[in-house]
1. Only one of Gly247, Gly256 is in contact (Cβ under 8 Å) with a residue 60 or more places away in the chain, within 23 Å of Val314 (Cβ to Cβ) and away from ligand 2 (no atom under 16 Å from the Cβ). Can you tell me which?
2. Within the stretch 214-228, can you find the residues that are in contact with a helix residue (DSSP H, G or I) (Cβ under 7 Å, 6 or more places away or on another chain) and either within 16 Å of ligand 2 (Cβ to nearest atom) or of a type in the set (Lys, Arg) (or both)?
3. Would you tally the residues in the stretch 287-302 being more than 16 Å from ligand 2 (Cβ to nearest atom) and in contact (Cβ under 8 Å) with a residue 40 or more places away in the chain?
4. Return the total of residues in the stretch 89-120 being surrounded by 15 or more Cβ atoms within 10 Å (Cβ to Cβ) and either within 18 Å of Arg65 (Cβ to Cβ) or of a type in the set (A, V, I, L, M) (or both).
5. Exactly one of (1) at pLDDT below 95; (2) more than 15 Å from ligand 1 (Cβ to nearest atom); (3) of a type outside the set (D, E, K, R) is unmet by Ala216. Its number?
6. Quick check on the stretch 150-178: of everything there that is more than 8 Å from ligand 1 (Cβ to nearest atom) and part of a loop (DSSP other than H, G, I, E, B), which residue is modelled with the lowest pLDDT?
7. Does the stretch 184-232 hold any residues that are assigned to a helix (DSSP H, G or I) and not hydrophobic (A, V, I, L, M, F, W, C), and which are they?
8. I'd like to check something: does the stretch 270-286 contain any residue that is under 28 Å from Leu45 (Cβ atoms), touching a strand residue (DSSP E or B) at 6+ places or on another chain (Cβ under 7 Å) and modelled with pLDDT of 95 or more?
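The values are calculated or read from the model by the stated rules, or taken from the named source; none is laboratory data. Predicted model only: the values in this text are computed from it and were never measured. With ideal geometry, Cβ positions are generated from the backbone for all residues, glycine too; neighbour counts draw on all protein chains shown.
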Amino acid sequence: MVVAEDHRYGNKKEVIMLRNLFKGTDKNQGESEPGDKQGNWFNRLKSGLAKTRNQLMSQLSGLLRMGRRIDEDLMDEIEEILIQADVGVDTTLTLMDNVRERVKAEGLSDSSELESVLKSEVLNLLGEDMPLQVKDEKPYTILVLGVNGAGKTTTIGKLASRFITDGLNVLVAAGDTFRAAAEDQLAIWCERAGAELIRGGENAEPASVVFDAIHAAKHRDADVLIVDTAGRLHTKKPLMDELAKIGRVMDKAHVGAPHEVLLVVDGTVGQNALIQAKIFNDAVPITGVAVTKLDGTAKGGIVIAVNAEIGAPVKLIGIGEKLDDLRDFVGVDFIEALFAAEETAGT
Ligand SMILES: Nc1nc2c(ncn2[C@@H]2O[C@H](COP(=O)(O)OP(=O)(O)OP(=O)(O)O)[C@@H](O)[C@H]2O)c(=O)[nH]1
Ligand SMILES: [Mg+2]
């Protein structure tokens, strides 16, 4: 779904971008790490999102919960806060247009009534939850893409572990042949998870490693094949060409593959993640996004923009480096964690 064409907003978009450009700094950069590491997943999600929430809510709650009159000034202020939390200009403008329509249709006048409208419109943008599920196809193939350091290998390790816990037979292909250490890192994760690794060695051609891995997966009757890829290449060949080739080779070795093209983006890079996503999407159409490192970033607003701007849902989120720090994305939980009331000290 394309959310907003630039021309729809014309000058307004430019004004907002300029205003934000000159506002500049991330106020929460120096904050301490969130505390609750032991709680259940929702509490961990909530603490993971603490920096983003503080960025958003410390300002939003002032506006929404103080009973201000709903007028254009208020709407503009909300817009600016959302943009600063990396929700992005286009997505924010679309979101606020929808909020304005609701305000009008429901005859709302007090800002305290806006929070629930805002939440439900954010949920609308996120779309339906689309967890990453292994479908009937065998082997079910998952191609994992992303720039270097985004968290691909870590995410693959966590995913493999989850599938194996679910009783599936998992094979992993070391399609990142950029450096020997990449294979070794993947091998450690595979050993931890109990998955077999198909490797071609340093400087092997990634597409041929993947081709062999599909045949190995068929031969071993594997349920799932997860393909790791490089975020950069040792050859002069552009990365996107190589990834497109891997996609084609997969389809050749097993018609319909890859069944899932999972783009891993680093949540700490904010809006840049969307620019990356669009480039990858041109090489191999993305079917789902994993946003990592949502712990420790104030830029978690990016999650709201992903589906709206790329047309592929966020399927997974990572909030830490441990095995169970990757979970299915659940829109309602994300919004509740994001809009949760500020914790008092000690909770
Ligand atoms: N805090 C935190 N760190 C993470 C998360 N996911 C990954 N990381 C860390 O991010 C760093 C990079 O992760 P990798 O999995 O190696 O990234 P990659 O995309 O495979 O990188 P290349 O192989 O260089 O392309 C590692 O130190 C991971 O531990 C997360 O959800 N939270
Ligand atoms: Mg890697």
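1. Values: Gly256 fails: within 23 Å of Val314 (Cβ to Cβ).
Just a single option satisfies the conditions, and that option is Gly247.
2. Initially, the stretch 214-228 is screened for residues in contact with a helix residue (DSSP H, G or I) (Cβ under 7 Å, 6 or more places away or on another chain), giving 214-215, 224-228.
Within the stretch 214-228, Ile226, Val227, Asp228 qualify.
3. Going through the stretch 287-302, the residues more than 16 Å from ligand 2 (Cβ to nearest atom) turn out to be 287-289, 291, 294-302.
Filter once more, so that each one left must be in contact (Cβ under 8 Å) with a residue 40 or more places away in the chain: 288, 294-302.
Number of matching residues: 10.
4. 14
5. Exception for Ala216: condition (1).
6. Thr177
7. Of the stretch 184-232, the ones assigned to a helix (DSSP H, G or I) are 184-193, 206-219.
Asp184, Gln185, Glu191, Arg192, Pro206, Ser208, Asp212, His215, Lys218, His219 - these are the residues of the stretch 184-232 that are assigned to a helix (DSSP H, G or I) and not hydrophobic (A, V, I, L, M, F, W, C).
8. Step one: of the stretch 270-286, the residues under 28 Å from Leu45 (Cβ atoms) are 270-278, 280-281, 286.
Imposing the further condition that a residue be touching a strand residue (DSSP E or B) at 6+ places or on another chain (Cβ under 7 Å) reduces the set to 273, 276-277, 280, 286.
Subsequent filtering for residues that are modelled with pLDDT of 95 or more retains 286.
Checking the stretch 270-286: at least one residue is under 28 Å from Leu45 (Cβ atoms), touching a strand residue (DSSP E or B) at 6+ places or on another chain (Cβ under 7 Å) and modelled with pLDDT of 95 or more.
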